[in-house]
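These notes are about the structure you will find just below.
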Amino acid sequence: MKVNSEGVSSSRVYLPAGQSHACLLDFFIATFPHIDASEWRSRFDEGLVFNQEGEALPASHAYIPNTHLLYFRRLAREPDLPFEEAILFQDEHILVADKPHFLPVTPSGLYLHQTLLNRLKKKTGIQNLSPMHRIDRDTAGLVIFSVNPPERAQYQNLFRDRAVKKVYEAIAPYSEELINKLPMTYQSRLEESEHFLQMQEVEGEANADTFIELLEVKKPWARYRLSPGSGKKHQLRCHLNSLGIPIQHDQIYPILTPYQEYDLDFSKPLQLLAKEIYFKDPVTGQERSFSSQRVLA
């Protein structure tokens with residue numbers, strides 16, 4: 001792995017035997033047809049393609065089978081996210097970050113430098129950081145990272161085996177009918193809808209459950225405490241929407257609103273916060289508990 005001056009890790013590609021390419025540029029164009037040829041020429045011109053010894057290679061360099069190359073992504077324009085994450089805890093095993101709204105956890109789409117992972121790598125100098133779980137870009141709050149690669153699987157298995165208790169807070173409409181039923185456990189079956197961004201409730205055995213409590217009433221809004229018993233995509237957002245109280249400023253439920261690629265409206269963050277997390281550390285045996293310092297508006 002190679003890291004550039006911004007803390008971004010390189011990607012790795014294998015040059016297989018049995019292929020014939022006039023040069024490296026031809027190989028990259030053929031291997032990544034979704035990326036314009038001019039983009040690869042620019043990356044070579046800017047020295048963003050390397051051999052394993054760290055030497056920048058020209059586009060005309062010969063194709064050598066059974067070798068690996070390293071390369072960096074490049075974005076013509078990446079949205080600027082003027083919010084700071086906080087490191088709440090760090091030892092030789094884990095790092096606990098308090099993520100702001102709008103910041104993705106890992107690189108995707110338009111975001112490469114402006115991600116929680118990249119910022120933390122740059123801030124700490126720890127290039128082996130790896131998130132043990134994810135939260136939506138829209139959601140603020142706790143994200144836990146593994147520091148040592150050999151220990152990573154043990155921590156990730158906690159989430160796989162549901163051995164982690166997570167607690168969220170959300171601002172959503174006040175509902176007299178619903179308030180009389182709280183606290184309650186809401187269950188349903190969630191599956192992908194026709195649009196990849198949205199989940200939907202369908203008939204069948206429940207595969208998602210959320211314990212919902214009322215924390216505070218400020219009509220026409222209320223603050224709720226949400227404890228998911230499962231970890232389905234958009235589970236909390238989908239469940240509150242199904243109960244008739246979609247989370248304030250949700251751009252996916254009930255109506256999918258296309259995101260602005262740039263010039264985001266930072267005045268309306270999704271009112272969902274990953275507030276608390278509890279688990280027994282599989283490496284140290286300690287009981288771990290962390291709480292976000294962020295507060296929903």
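The values are calculated or read from the model by the stated rules, or taken from the named source; none is laboratory data. All values derive from a computational prediction rather than experimental measurement. When we count neighbours, we look across all protein chains shown, and the Cβ atoms used for this are built from the backbone with ideal geometry, even at glycine.
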* Asked: Of all strands (runs of 3 or more DSSP E) completely enclosed by the range 154-222, which ones contain at least 1 residues that are surrounded by 16 or more Cβ atoms within 10 Å (Cβ to Cβ) and not assigned by TED's automatic domain parsing to the domain that holds M132?
  -> none
* Looking at (1) among the aliphatic types (A, V, I, L, M); (2) in contact (Cβ under 8 Å) with a residue 12 or more places away in the chain; (3) within 24 Å of P107 (Cβ to Cβ), which is the only condition V167 fails? -> (3)
* Asked: Just to be sure, is S5 outside the structural domain of V143 (by TED's automatic domain parsing), loosely packed, with under 15 Cβ neighbours inside 10 Å and either part of a strand (DSSP E or B) or at pLDDT below 90 (or both)?
  -> yes
* **Residues of the range 141-164 satisfying the condition of being without any contact (Cβ under 8 Å) to a residue 60 or more places away in the chain and of a type in the set (K, R)** => R152, R160
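In the range 113-147, what residues are of a type in the set (A, V, I, L, M, F, W, C) and either under 19 Å from S289 (Cβ atoms) or in a strand (DSSP E or B) (or both)?
M132, I135, A140, L142, V143, I144, F145, V147
Specify which of the listed residues (P131, P82) is surrounded by 15 or more Cβ atoms within 10 Å (Cβ to Cβ) and not hydroxyl-bearing (S, T, Y).
Working: P82 fails: surrounded by 15 or more Cβ atoms within 10 Å (Cβ to Cβ).
Selected residue: P131, the only one of P131, P82 that is surrounded by 15 or more Cβ atoms within 10 Å (Cβ to Cβ) and not hydroxyl-bearing (S, T, Y).
Just checking, does the range 26-49 include any residue being at positive phi, part of a loop (DSSP other than H, G, I, E, B) and at pLDDT 85 or above?
Looking for residues that are at positive phi, part of a loop (DSSP other than H, G, I, E, B) and at pLDDT 85 or above, one finds none in the range 26-49, hence no.
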* **Qualifying positions in the range 92-128 - free of Cβ contacts under 8 Å to residues at least 60 places away in the same chain, surrounded by fewer than 18 Cβ atoms within 10 Å (Cβ to Cβ) and among the hydrophobic types (A, V, I, L, M, F, W, C)** => I126
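Only one of these is over 22 Å from the mean Cα position of the chain (by Cα) and part of a strand (DSSP E or B): H68, H61. Name it.
Among H68, H61, only H68 is over 22 Å from the mean Cα position of the chain (by Cα) and part of a strand (DSSP E or B).
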